[in-house]
1. Kindly rank 128-134, 195-201, 142-148 from highest to lowest mean number of other beta carbons found within 10 Å of each residue.
2. Among TRP195, MET164, PHE129, which residue has its Cα positioned farthest towards the positive end of the charge dipole of the chain, with +1 placed on the Cβ of Lys and Arg, -1 on the Cβ of Asp and Glu, and the dipole taken about the Cα centre?
3. Return the label of the correct value of Cα extents along the principal axes in Å, as calculated from the structure shown, out of (i) 53, 34, 32; (ii) 110, 50, 39; (iii) 84, 32, 28.
4. Translational D (Stokes-Einstein, µm²/s) of segment 74-148 at 25 °C and 0.890 mPa s when Rh comes from the Kirkwood sum over C-alpha pairs?
Amino acid sequence: MTSQIYDKADGQPDIDRILGDADARIAELGEQRAALAERRRRLIEPAYKTVAANPTDMHHKITLGAVMVNAGMRAYDADALAGLLAGTGYHMLALADELVDTDPAASLGTILIRLLDGQERELAARGLFLTWQRRLVIYAEDRVEWLARDEDYRLEGAWRHEPMTADQRWLVRVTCRVRHLDLPGDLRRGEAADWLEQNGANLSYKAFVA
């Protein structure tokens, strides 16, 4: 005897066909929604958009900075934003999770500003450290390049007899103040370079490039 348990009864709907039709309809609605979003984007974007032919770093900074300012950020948020951008996606989601739960309708820009305000000290400290670290790398590279120069030029070049630069003069004063040294008096550029090297300048990075 053949079992009829799994055969469709008369009048019973074809479940597979109904589910297939539903999936097809959902896919169609998704395509329509995407097309509508694209149409809205085209309607609100300007007819003509000015684009710099050869954008400089300053152009990028100004353009991106304008977006941040329009979102409500100010210059004092820069260090915290740098610290946040250096973190992992997991860390950012963990920080923002509570903010999203309390106000799901808030824009991403609003949540970002609240996150910066709530974690300002930690994020700003991280951002400042990253800035210092980036400058350390640049300083170390410049110093290595300088020490690798032709020794005759470095030790006997005409540049050594030129007046001390403003940056050298400032660094000599800071070094004397921090290390309780007497000012060395008027130095030529080469003498100032030797004095700064002997006395541990640049103070910010000396411990890492000795």
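Quick note: the coordinates plus some simple rules give every number you see, no bench work behind them. All figures in this text were calculated on a predicted structure; none of them were measured in a lab. All Cβ positions, glycine included, derive from the backbone under ideal geometry; neighbour counts span all protein chains shown.
1. 195-201, 128-134, 142-148
2. Going by the charge dipole, the pick is MET164.
3. (ii)
4. Rounded to a whole number, D works out at 177 µm²/s.
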